[in-house]
Structure formats: structure tokens, C-alpha cells
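Q: One structure follows; several queries about it will come next.
FYI, it's all coordinate maths here, none of it is from the lab. Note that this is a predicted model, so its numbers are computed, not measured. Cβ coordinates were reconstructed from backbone atoms using ideal geometry, including for glycine residues, and neighbour counts include every protein chain displayed.
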Amino acid sequence: MERFANQAAQAVEKILGRRFSANELELPPDPAFGDFGFPCFKLAKEEKKSPAAVAQELAEKIAAHLPPEITSKAVGPYVNFLVKPDVLTSSLLSDILKGENLGTYGSLPPETRGSWVLEYSSPNVAKPLNSYHLRPTALGAALDRIGRFRGFKVVSINHLGDWGKQYGMLAVAFKKYGKTLADELSMRELVDLYVQINADAKEQPEIQQQARDAFLKLEQNDPEMTALWKKCVQISLRDFDRLYARLGVSFDHIWGESFYRAQLAPLTEALRKSGLLVESEGAWVVPLTDEGGRELPPCIVQKSDGATLYATRDLAAAIYRYEHFKFDRMTYIVGGEQKLHFQQIFLVLKKMGLPWADRCEHVPFGLYKFKGAKMSTRKGIFVTLEDVLMVAKERVFELMEKRVQDAAAAAAAATSPAGATAPAPMSIETKDQIAEAVAVGAVVFHDLHTDPVKDVDFDVDRVVDFEGETGPYLQYAHTRCKAILRKATESGTSFSYVTENSSLLTHPAEMALLKTLGRLPLHLERTLSFSKASQLAHYLIEVTKLFGNFYRDCRVLGDDPKLTQARLMLVEATRRILARGLTLLGVPLPERM
Ligand code: ARG
């Protein structure tokens, strides 16, 4: 499918006389109208003609540049492209079914495209991961997997917040509350210490100065301070790792802010030499104006007491990463409230004359909002990620329980056709594994399916609803594909992937499903260029709906063995696309539900 999209885009490019990528083609919701569409609104405006008239003209011109498998036709204000159905069915099915298990459909050979530094998750040490951290973690991990799958050389970095005055604060807390290096502390206890000292600092202002002094000592490599700080980092990382493991997330590098500390002095020196640094009330800053010439708050590089700041470390980090990875793109997945910070960082890099400065981008995201009493009353100030997963898992258990009861009741009453059978009993371990996979899948999918820049409305009943547009709905569709294939094998219908039968797939529901399955690579490419996993999430929902229509309208295990073969192939192709898409998003695939 991707090949055809590229061919269509090339034909458009020839006519327009400018770069035109397949990403710019629209994907008509009903593929019966066309596989891709080129909207003519913009051109029409430029040429002061009606979009439909422009579409008419273009359709003919473009046709001359298309290979014989693709036709073009004006449909209202669009030029639509249609791949000849017989070409499409045979080539698509065999492409999707190539290779074992999930095959390679939609992938590009590893490391054949540019290098991409992707920074995500980046929580602060001595604070638990909270629900909000799911956003950069889940989105970053999804882009990371998809990027690699699509041939980019991805370097993932977790930029831990592990440096700054707050670690001086913790050191003061250790002393003040009689804790020592020898004490075994849990994350909870560490957080409590931090909360306590901050509360005390309100009453006793001298604590602030003590913390500043302590941090300065840490910056000067004081051994006692360094040991305390290391301990705090270790306790936190252990806690983060537990959650990262549940989410299936890992990084190439966990390079916190502290990692770049040797680069800070040379950086300030370079800035000073270049004349960019200006003294302001004892501190050193880079004055900034944006592209429109508007004044921005200056970027503070060094405080009056000589201490460095968050921004200093980001500047050093960017330069270090470029020197090491010569990236073609660097993406920071960080909350929208840091928009100004990144604007400042990128501007300073530009002022430093670094030609790669405009390869850096900040992908912002929104907040978490909790609905329903269940969540908002827990733990007060914030809801930890662990809490969110726990609440989701409890709800999944309830729903699983209910399913079992409903199925047993139906079997007992034998009201359903074909004599429903009671589901096989599950061991506690299996049940727990499934509930974990469903809960993680539900929470992750819900987050990713929300446009990153919007806030996430979290209502646990909606998030885990097996029937809504949710992770569990997709996971269930996947298990259903597997069940159909299993049933076919059990009933002696052996099937092999013989694609000559694919020409039998002519029913509109079959065509719509197959064509949509073929769009996976196009959606992956769009997911990467817009940095929105919601693109892929919505696509998978569409696949699931079309699969539902197909299953409703076409009998898979019918009397005609050839048609049965073809339909089983379509079920297997659906299974692969769903499994691939969900895995790339970080949604686990339970065996059964
Ligand atoms: N640790 C920061 C926070 O929790 C986010 C770090 C974002 N990344 C960066 N390079 N500044 O707010």
C-alpha cells in the first residue's frame, strides 16, 4: 500500500512542481471512494477557481504520471486515487502474510533512515511517578518503538531530574531527621522526608540557605553529599524501574541532569567568550528575542552564587547529544508548561550559531483530569501512576468476574444459539496476568488515544470498558481473531496462506477491511511525523470496527473451502495488524480475556 501511496504522491509532485510526500495525501474514510485523496482547496484559492474544477483538470494531468495499477478520478474537490482491486488484494494479502508470526509488514530495514534522539519520561528523583508521567512515558515509548520499526536510528534518553537545589534540601532533611546513609529507605519514606523538609522550610527560612549551601557542596563533589545524593537517586530509580517494567519501557541511556555536569563550566565559558552572556543582578543571562522580534525572558545560565540551573544543563545536554549522535532530529516530550523553557533553549543554541539548532523540537502534552470519586479522593495532592494502575486493575477484575458469571448463566439457561459453553476455569495466576495486561493496556491506550496536546479525562469505568473505544476492546478483538483461527484448525479446516484465493474477497466488508489493513504503514509514518500516537490508536479502532462488520456480514467458516481459506487469511491479516499496532503502542496482548 505504501508503494502505491508513494507513486501517487510522486505523480502529484510532478504536477505541482514542489516536494509532496505521501503523508500529505488524505485517506478517504470509505476506501470505496479511493485509496488516497488529494484535496484541491488550496490550489483552487490560489488559482481563483472552484476546487471541483481544479480537481477535474488535475485528475487528467496526474493520470499521465501514474503506473497502470493506479487510476485517478475527480470526486468533488478531490483527486482520488484508486489502486486496481485485483492488484491490491493479491499484493496486500501476500505482503501482510509474509514471514512468521507478525511478519514484517509496515517495517523498513533497521537504521536505514536518519538518527533520532528521543527524550522522554524524564521524571524527577525523590518523587514517585505520578499519573501525569504516563503521558511522556507512554508517548515516548510508542514513538521510540515505531521509529525503530520504521528504520530510524533511535537513541532514547531518560533525562532524570537528579540535580539542583532540591537535593541540597534532601541532604538537610537527612541530617535534621537523623537519617544516615546506612538507613534502608523506601521511596515512600524518601518522599515523606522531602515533603516534611519543604513544610518545615516554610516556618524556618534558614533551611533554604542550608539547602543552597548543601547543593553547592554537591556541585563541588563533596564526598558525603555525593554519597547521600547517589542513595536518593538509587532509591528512586529502583521505584521507577518497577513501573517501567510494568509498562514495557526501557531506555538506551538514563542520563539525568547530573550527567552533564562536567560540561557546565566549559559551556558558560564558551557563552561568555562569544559575548552572548550579560550580567543581570549578579546572575549571568542570555537576552532573547523571538523570531518576530518580541522580547522573551532571558535565559538564566548562572545564578549569582555561581550555581547552574535547569536551563544550563539542558544547553549542555543538547550539545553533548549532538556531538555524540549527530542527530537529524531531536525530540523532547515534555509537558506544555515548559514551552517557554524550550523556546529559550532552542534560541540560545541558535544564537550560539549551532546549525543543528532547528532540528530540535519540543512535543508538549496536556494534563490528567480525574473523573469519578474513586480516584480523586486517594492520596490527596496527586495520584501516583501505581494508584491509577491499581484502580484500573480492580475494575478489570470486576469485569472479568462478571463475564464469567454471565457466560455461566447463559450456558446454564442455554438461551444463546449453538449452546453456549461455560468458560474454562482460570488459575489465580492466569487471572492476575490477564488483569494486569488488560489494565496496563487500558490505561496506556487511553492515554495514547487522546491527542497529546489535550488533557486526558480519566474515568476508570470508561477507560476499561470492554465495549467502548478502549484498549480492552482492541485486545479482545485480537483474541477473537485468534479464537477463530484456532476453531478452524480444531474443526479440521487446515489453511495455508495461498493468496490465489484472495481474488474471492469481493464483498464490500472484505474490501473495506483489507484496504484499511493495508494502511498501517501510512499511519505509522504519520504518527512519527506528527508525533501523535493517537493517529495509530484511532486507526486500530477503525480496523476493529471494520473487522466487526466483516465478521457480521461474511461467514468465515462456510461451505466453500476456497472462500473459507481466503477469509481465514483475512482474519490472520487482521490479527497481525492489530497485534503489530498494539505492540508498537505498548498495549500487551493477553491470550484470552
Ligand atoms: N524533570 C523535568 C520535570 O519533571 C522534565 C525534564 C524534561 N526534559 C528536559 N530536557 N528538560 O519537569
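Q: Using mean Cβ contacts within 10 Å as the protection proxy, how do 578-586, 44-52 order, highest first?
A: Most protected by this proxy first, the peptides run 578-586, 44-52.
Q: Using DSSP to define loop residues, name the GluC sites (Glu not before Pro) in the range 159-266 whose beta-carbon has at most 14 other beta-carbon atoms within 10 Å.
A: Glu184
Q: Tell me the mean residue ellipticity at 222 nm calculated for the chain from its helices only (DSSP H runs of n ≥ 4, each -39500 (n - 2.57), averaged over every residue, nearest 500).
A: One gets -17500 deg cm²/dmol as the mean residue ellipticity at 222 nm.
Q: Determine the gain in length on full extension of the stretch Glu13-Gln56; use 0.36 nm per residue of separation and subtract their C-alpha separation, reporting nm with one decimal.
A: 13.8 nm
Q: Per-residue counts of other Cβ atoms within 10 Å, averaged by peptide: what ranking do you get for 364-371, 563-570, highest first?
A: 563-570, 364-371
Q: Using a cut-off of under 12 Å, list every residue of the range 32-59 whose amide N is near the label point 7 Å from the Cα of His65 along the Cα-to-beta-carbon line.
A: Answer for this model: 58-59.
Q: If packing is taken as the average number of other Cβ atoms within 10 Å across a peptide's residues, how do 194-202, 273-281 rank, most packed first?
A: 194-202, 273-281
Q: Right, next: Please give the contour-minus-distance gain from Lys487 to Arg592: 0.36 nm per residue of separation, less the Cα-Cα distance, rounded to one decimal in nm.
A: Gain on extension, Lys487 to Arg592, equals 36.4 nm.
Q: Ok, one more. In degrees between 0 and 90, to the nearest 10, how far off the longest principal axis of the chain does helix 264-273 point, with axes built from Cα atoms?
A: With rounding to tens, the tilt is 80 degrees.
Q: Could you pull out the pairs from Lys14/Lys98; Lys202/Lys339; Lys42/Lys515; Lys369/Lys431; Lys339/Lys532 whose alpha carbons sit more than 24 Å apart here?
A: Lys14/Lys98; Lys202/Lys339; Lys42/Lys515; Lys369/Lys431
Q: Okay, moving on. If you stretched the chain out fully between Leu296 and Asp213, how much longer would it get, using 0.36 nm times the residue separation minus the C-alpha to C-alpha distance?
A: Working it through step by step, the gained length comes to 26.8 nm.
Q: Something else about it: Just report the Cα centroid separation between the range 159-194 and the range 427-502, whole Å.
A: One Cα centre to the other: 42 Å.
Q: Can you give me the relative contact order of the range 286-353 as a percent, contacts being Cα pairs under 8 Å and 6 or more apart?
A: 32 percent
Q: I want to check the label-to-label distance for Gln234 and Ser186. Put each point 7 Å from Cα in the C-beta direction and report it in nm to one decimal.
A: 1.9 nm
Q: So, one more: What is the distance, in nm, between label points placed 7 Å from the Cα along the Cα-to-Cβ direction at Ala412 and at Glu24?
A: Taking the two extended label points, one gets 6.4 nm.
Q: Here is a further query. Straight-line reach from Lys45: which aspartates and glutamates have a Cα under 19 Å away, not including same-chain ones fewer than 8 places off?
A: The qualifying aspartates and glutamates are Glu13, Glu24, Glu26, Glu57.
Q: Evaluate the relative contact order of the chain (contact order divided by residue number), counting alpha-carbon pairs under 8 angstrom at least 6 apart; express in whole percent.
A: 16 percent
Q: Okay, next question. Run down the lysines and flag those whose C-alpha is under 22 Å from the C-alpha of Lys217, throwing out any fewer than 8 positions away in its chain.
A: Lys165, Lys175, Lys176, Lys179, Lys230, Lys231, Lys303
Q: Among Ser72, Phe458, Leu347, flag the residue with its Cα farthest along the positive direction of the charge dipole of the chain, charges on Cβ as +1 for Lys/Arg and -1 for Asp/Glu.
A: So the residue we want is Ser72.
Q: Still on this structure, I have one more. GluC sites (Glu not before Pro) within the range 56-117: which are DSSP loop residues with at most 14 other Cβ atoms inside 10 Å?
A: Sparse-neighbourhood loop GluC sites (Glu not before Pro): Glu100, Glu111.
Q: In whole Å, what three semi-axes, largest first, describe the equivalent ellipsoid of the chain built from its Cα gyration tensor (square root of 5 times each eigenvalue)?
A: Ellipsoid semi-axes (Å, largest first): 49, 35, 18.
Q: Modelled label-to-label distance, Val278 and Arg552, 7 Å Cα→beta-carbon offset: nm?
A: Computed distance between label sites Val278 and Arg552 equals 6.5 nm.
Q: Give the angle, between 0 and 90 degrees and rounded to the nearest 10, that separates the Cα long axis of helix 534-553 from the longest principal axis of the Cα atoms of the chain.
A: With both axes taken from Cα atoms, the answer is about 20 degrees.
Q: May I ask for the angle, rounded to the nearest 10°, between helix 428-449 and the longest principal axis of the chain, with both axes built from Cα atoms and the value confined to 0 to 90°?
A: Long axis of 428-449 versus the principal axis of the chain: about 80 degrees.
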